[in-house]
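Everything below concerns the one structure shown next.
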Amino acid sequence: QVQLVESGGGLVQPGGSLRLSCAVSGSIFRIYAWGWYRQAPGKQRELVAGITGGGSTNYADSVKGRFTISRDNAKNTVYLQMNSLNTEDTAVYYCNRDRSSSRAVALAAWGQGTQVTVSS
């Protein structure tokens, strides 16, 4: 069973930065694309950043230029560097497989996520 453990969230002021980590176990990590998702109160979950097995990245327009996704295959870990945070970034952030480029992959069970709160 795949386990996803997100960490790194917290309370920051507008303009601040956070770095999120997602530790993956129980999966052949390297061959999959991975992504960061977020869910704000009262809204649906959305994909904000993805990275393929070859290192190609994509971002939602709302975070482009501010967020950077990366991966360390040796550590089975996905990262999300978040800069210039604003209140609209407040959400619970989750990692999971990114199915954007392949229908053959299955999402893992969602982890607990990590809360990011941007407030002055």
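The values are calculated or read from the model by the stated rules, or taken from the named source; none is laboratory data. Owing to the predicted nature of the structure, the values given are computational and were not obtained by experimental measurement. Every residue, glycine as well, gets a Cβ built from its backbone with ideal geometry; the counts of neighbours run over all protein chains shown. Remember, those area values only see protein heavy atoms, side chains included, never the ligands or the DNA or RNA. Shrake-Rupley method; radii C 1.70, N 1.55, O 1.52, S 1.80 Å.
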Handout entry: Unmet requirement for L85, which otherwise passes all of (1) part of a strand (DSSP E or B); (2) buried (at least 21 other Cβ atoms within 10 Å of the Cβ); (3) of a type outside the set (D, E)
Key = (1)
Exercise for the section: Taking Y93 as the residue in question, decide whether it is open to solvent by less than 30 Å² (accessible area, probe 1.4 Å), in contact with a Ser or Thr (Cβ under 8 Å, 6 or more places away or on another chain), touching a residue at least 60 places away in the same chain (Cβ under 8 Å) and within 23 Å of Q3 (Cβ to Cβ). Expected result: yes
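Each row is one residue, and each column tells you yes or no for (1) free of Cβ contacts under 8 Å to residues at least 12 places away in the same chain; (2) touching an Asp or Glu at 6+ places or on another chain (Cβ under 7 Å); (3) open to solvent by 20 Å² or more (accessible area, probe 1.4 Å); (4) not in a strand (DSSP E or B).
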| site | (1), (2), (3), (4) |
| --- | --- |
| Q1 | no, no, yes, yes |
| L11 | no, no, yes, no |
| R19 | no, no, yes, no |
| A23 | no, no, yes, no |
| R30 | no, no, yes, yes |
| G42 | yes, no, yes, yes |
| V48 | no, no, no, no |
| G55 | no, no, yes, yes |
Practice task
Kindly indicate the residue of region 88-119 that is among the polar types (S, T, N, Q) and either under 12 Å from G35 (Cα atoms) or outside any loop (DSSP other than H, G, I, E, B) (or both) and also farthest from the chain's Cα centre (by Cα) among those meeting that condition.
Solution key: S101
Handout entry: Criterion (at pLDDT 95 or above and not hydroxyl-bearing (S, T, Y)) met by exactly one of V24, V2
Key = V24
Exercise for the section: Please give the number of the condition A60 fails out of (1) open to solvent by 30 Å² or more (accessible area, probe 1.4 Å); (2) touching a residue at least 12 places away in the same chain (Cβ under 8 Å). Expected result: (1)
Practice task
Provide a single number: the residues in region 58-77 that are touching a helix residue (DSSP H, G or I) at 6+ places or on another chain (Cβ under 9 Å), within 14 Å of V24 (Cβ to Cβ) and in a strand (DSSP E or B).
Solution key: 2
